[in-house]
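Read through the structure below, which is laid out as structure tokens, and then see the notes.
The values are calculated or read from the model by the stated rules, or taken from the named source; none is laboratory data. No experiment lies behind these values; they were computed from the predicted model shown. Here the Cβ positions follow ideal geometry from the backbone for every residue, glycine too, while neighbour counts run over all protein chains shown. When the accessible area is computed, the model is the full protein with side chains, heavy atoms only, and any ligands, DNA or RNA have been set aside. Shrake-Rupley method; radii C 1.70, N 1.55, O 1.52, S 1.80 Å.
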Amino acid sequence: MGLEIDREPRVNIQVTDGVLLPEKSQPTLFNSWAIAFTLAVVLLVVLPIVRPDPYWNILVTFPAGILVTFQVTVSAIILATLIGIFVGIGQLSKRTFINRLATVYVEIIRGIPLLVQIFFLYFALGRFLRLQDFPAAVLSMAICYGAYMGEVFRAGIQAIPRGQMEAALSQGLSRGQALRLIILPQTVKIILPAIGNEFIALLKDSSLVSVVALTDLFRQARNYASVTFNYFDAYLMVSLVYLVFTLFLSRLVAFMEEKLKQHD
Amino acid sequence: MTEPLVRIEQARKSFNKVHALRSVNLSIYPGEVLFIIGPSGSGKSTLLRTINRLEMLDSGSVWFDGIDVMDHKTDIRHIREQIGMVFQAFHLYPHLRVLDNITLAPRVVKKVTAEQARLKAQQLLEKIHLPDKIHAWPEQLSGGQKQRVAIARALAMEPRLLLFDEPTSALDPEMVKEVLDVMLDLAREGMTMAVVSHEMGFAKAAAHRVIFMDEGEIVEEGSPDQIFNRPQNPRTEKFLQHVLH
């Protein structure tokens with residue numbers, strides 16, 4: 001497997017979409033994070049206490065949906081990471097066929113709105129593979145996010161100094177062995193925060209899946225609303241829950257990033 | 001005369017129309033310490049890197065132990081495992097401890113058992129005077145220590161030839177000696193070495209032959225005494241004046 005690894009300095013890969021990572025060097029960002037997080041938590045606690053109907057009634061319908069949301073997200077991110085490793089390596093391959101396969105896949109996925117992809121893949125998977133709702137949902141999310149993860153891995157592999165591959169090859173390792181034992185372990189370390197960001201983005205985008213089939217967090221809110229016609233309050237509560245999750249996770253990613261920097 | 005271990009014939013290579021090598025012929029004999037000097041961009045590193053095919057030639061050939069290195073049918077990995085390489089920037093594996101840096105290739109490539117590889121690594125660390133660094137991470141080592149570990153890593157494969165690509169150029173002056181001492185030990189043990197370096201003191205002490213390269217050509221070759229004290233070519237003379245003063 002041929003690899004084109006550019007001579008580049010070791011960099012911190014930041015492929016974010018959506019969540020802004022708070023950094024210590026940017027106190028205003030950290031403040032905005034704290035304000036948003038506090039606001040969301042306070043509202044989530046106070047509203048159900050002050051007005052149990054409807055807020056408490058809405059909230060109690062959520063746990064089953066939250067579980068599904070996380071199941072979809074975790075399963076999809078694992079699959080997407082596996083796809084991403086191969087796509088990232090494929091995009092750097094000198095073999096034309098593999099290279100084109102990977103790059104065309106990424107181009108196609110990036111050019112189609114996620115909601116449209118999910119509709120298409122979900123119905124395609126259901127129709128031709130007769131998959132159940134859950135695996136179909138996970139697979140369609142993973143195929144979409146595999147392209148983005150591929151970009152993350154490509155950037156991560158390119159950030160490893162060329163000399164690492166040369167040192168490994170000079171010792172008689174094959175390119176595959178060098179990738180597996182030398183390049184990828186170093187890549188994973190530097191792209192961990194980027195994977196964390198993809199996880200957060202995927203968590204949010206998993207709400208799109210509910211449109212087609214799954215009774216996830218967002219579906220629970222819609223179900224409640226469609227019965228009570230209380231759309232505003234249902235969507236308010238579900239927004240707050242998503243916000244608490246994503247803000248908490250983004251803090252976790254920022255913490256992880258900080259730890260990794262310290263180790264360097 | 002004995003058969004050369006490495007034979008380079010009519011080697012040509014250019015990068016973006018710049019000639020890195022123009023028709024270079026060179027043999028390296030078993031037990032020989034060959035020194036390659038020359039200004040930067042003279043093609044000396046490129047020449048070194050063609051020997052284990054980290055660079056392909058545009059034309060010409062490289063033979064290692066009678067095997068055509070540039071032939072795509074050649075099992076290049078089998079050749080590379082017999083040729084150790086030490087780089088200017090060390091290129092230790094930062095995610096592995098010193099022990100694993102040294103044992104990885106023997107275990108993966110030569111299928112040596114973990115226990116055997118560890119014993120060998122301990123011996124090598126004694127040899128480079130760093131026995132207590134066996135569990136250290138590369139980032140905890142000084143530049144000179146890193147380069148000595150890199151030499152141990154290369155030696156762990158029990159190579160028949162060692163290539164040194166400016167091994168002391170990235171080091172602080174006070175660390176150069178500890179690396180050169182290790183290299184000197186190897187030279188005395190009869191290791192075949194090809195060294196790209198400007199360490200003239202080391203060349204005088206250990207080299208059997210010095211070649212001077214300029215603009216992709218071997219301009220002059222001879223014993224250290226000949227090259228350093230009685231250079232025949234004005235380009236050699238001019239370069240040495242720059243380096244020595």
> Based on the Kirkwood radius over alpha-carbon pairs, what value in µm²/s does the Stokes-Einstein equation return for the translational diffusion coefficient of chain B at 10 °C and 1.306 mPa s?
Replying inline: 86
> Which sequence of B:Ile67, B:Ile28 reflects their accessible areas, 1.4 Å probe, from the largest down?
Replying inline: B:Ile67, B:Ile28
>> Across region A:27-263, what fraction of all alpha-carbon pairs, as a whole percent, falls in each successive 5 Å bin from zero upward?
In response: 1, 6, 11, 14, 15, 14, 13, 10, 7, 4, 2, 1, 1, 0, 0
> Hey, any idea what Rg/Rh is for region B:119-245, computing Rh the Kirkwood way over Cα pairs?
Replying inline: 1.02
>> On C-alpha positions alone, give me the angle between the axis of helix A:96-111 and the longest principal axis of chain A, in degrees, nearest 10.
In response: 20
> What accessible area, in Å² to the nearest ten, does a 1.4 Å probe give for B:Glu189?
Replying inline: 120
> What accessible area, in Å² to the nearest ten, does a 1.4 Å probe give for A:Thr38?
Replying inline: 80
> For chain B, modelled as a GNM with alpha-carbon contacts under 10 angstrom, which of B:Arg148, B:Arg160, B:Arg235 fluctuates the most?
Replying inline: B:Arg235
> Carbon-plus-sulfur fraction of the accessible area of region B:85-195, 1.4 Å probe, in percent?
Replying inline: 49
>> From zero outward in steps of 5 Å, how is the percent of C-alpha pairs of region A:97-232 spread across the bins?
In response: 2, 9, 14, 15, 15, 13, 10, 8, 6, 4, 2, 1, 1, 0
> Can you put A:Thr96, A:Thr61, B:Thr168 in order of accessible area, largest first, using a 1.4 Å probe?
Replying inline: A:Thr96, A:Thr61, B:Thr168
> Given a 1.4 Å probe and the protein chains all in place, what does the accessible area of B:Glu174 round to, in Å² to the nearest 10?
Replying inline: 130
>> I'd like to check one number: the per residue accessible area of region B:179-245, probe 1.4 Å, reported in Å² as a whole number.
In response: 48
>> Using +1 at the C-beta of Lys and Arg and -1 at the C-beta of Asp and Glu, which of B:Ile211, B:Leu161, B:His198 has the Cα lying farthest in the positive direction of the dipole of region B:140-215?
In response: B:Leu161
> Given a cut-off of 39 Å, what percent of all Cα-Cα pairs of the protein assembly as shown lie beyond it?
Replying inline: 42
>> How tilted is helix A:184-212 with respect to the longest principal axis of chain A? Cα atoms for both, answer in degrees (0 to 90, nearest 10).
In response: 30
> Mind checking Rg over Rh on region A:40-157, alpha carbons, Kirkwood formula for Rh?
Replying inline: 1.16
> How far apart, in nm, are two points set 7 Å out from the Cα along the Cα-to-Cβ line at B:His72 and at B:Gln226?
Replying inline: 4.0
> So for the protein assembly as shown: antiparallel DSSP bridges make up what percent, rounded to the nearest 5?
Replying inline: 55
> Counting only pairs 8 or more places apart or on different chains, how many lysine pairs in chain B have C-alpha atoms closer than 20 Å?
Replying inline: 15
